[in-house]
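Beneath this line is the structure, given in structure tokens, with notes to follow.
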Amino acid sequence: MAHTCLLPFNHIRGWITPYEHRITSRCARSERVCCKVWSRSGVRDEPGGDRDTIDREGQGYDADDWDVASGRDEGPDVGRDGRHPPGAPDKARVAELTHTLLEEIGEDPEREGLVDTPLRVARSLSYLTSGYRQSLVGVVGNALYAEDYDELLLVRDIEFYSLCEHHMLPFFGRAHVAYLPAGRVLGLSKLPRIVELYARRLQLQERLTREIAVAVQTVTRPRGVGVVLEAEHLCMAMRGVRKPGSRTVTSCLLGELDADPGRRAEFLALVRRE
């Protein structure tokens, strides 16, 4: 049976951060350089090839080039098109557009209760989309430690808030993030920070779930990763079908947590435990 390595690619709004782009590595099972590419259009495998050629073209980074424990951050924080990640939004411009929007819905932007609303909205959107201006490397820092612990490590009930990219309405809930260490562990606070990194963007819950899982795998190089998200979507509660209280559950299992039924059952049992 053909074997495919699970290696991440995360393409967001035309730009990528160094270790969210594409990682090439020599697969221990297939003894070849292989790469899995994740994008909005789906998932595709790239054939094995000359890793040096890939790196010289600036389209890949060897997994060994990222040594978080020593604080190394190699490679420019730019995408293939040469653009840097977007900076903070122009608050004056966002406030101006919000002022116009208030007029379009029939409100008076100059009345007492709304006079400062455009600037408040600009500040709020800047915070709620701050994940675009952060990178996985920056969030994790040097909080990766050598430790001979090889059992399941789970952080449950991580609260998160995000914006649905279809209606820009909130969806929110709890994330459960676990991994099976392989010689090193991540500082516990970094798992919630990884969740926030991807939640503070315009999102789909399905994509958010996988991005968190792939990020944990990229950083820790574990034997397995499991992520479950449970969320309520206001685009389903306030409008449209109008079903408040309904919750959407998504999961992403990688490595042993996907392939080993016993490990998978252990993870899901711990997630469900009250």
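Bear in mind that the values in this text are calculations on the coordinates, not laboratory data. Fair warning: this is a prediction, and the values are worked out from it, not measured in the lab. Cβ placement follows ideal geometry from the backbone for every residue including glycine, while neighbour counts extend to all protein chains displayed.
Odds and ends about this structure:
- Rounded to whole Å, the principal axis extents of the Cα atoms in the stretch 143-274 read 50, 28, 23, largest first.
- The residues packed around R263, meaning those with a beta-carbon under 13 Å from its beta-carbon, carry a net charge of -4 if Lys and Arg are +1 and Asp and Glu are -1.
- For the stretch 122-193, convex hull of alpha carbons as volume per residue, Å³: 106
- Proximal charge balance of A95 [Cβ under 14 Å; K/R count +1, D/E count -1]: -1
- Taking other residues whose beta carbon is less than 15 angstrom from the beta carbon of P118, and scoring Lys, Arg as +1 and Asp, Glu as -1, yields -4.
- Which of Y149, Y198, Y127 has the fewest Cβ neighbours within 10 Å, and the rest in rising order: Y127, Y149, Y198
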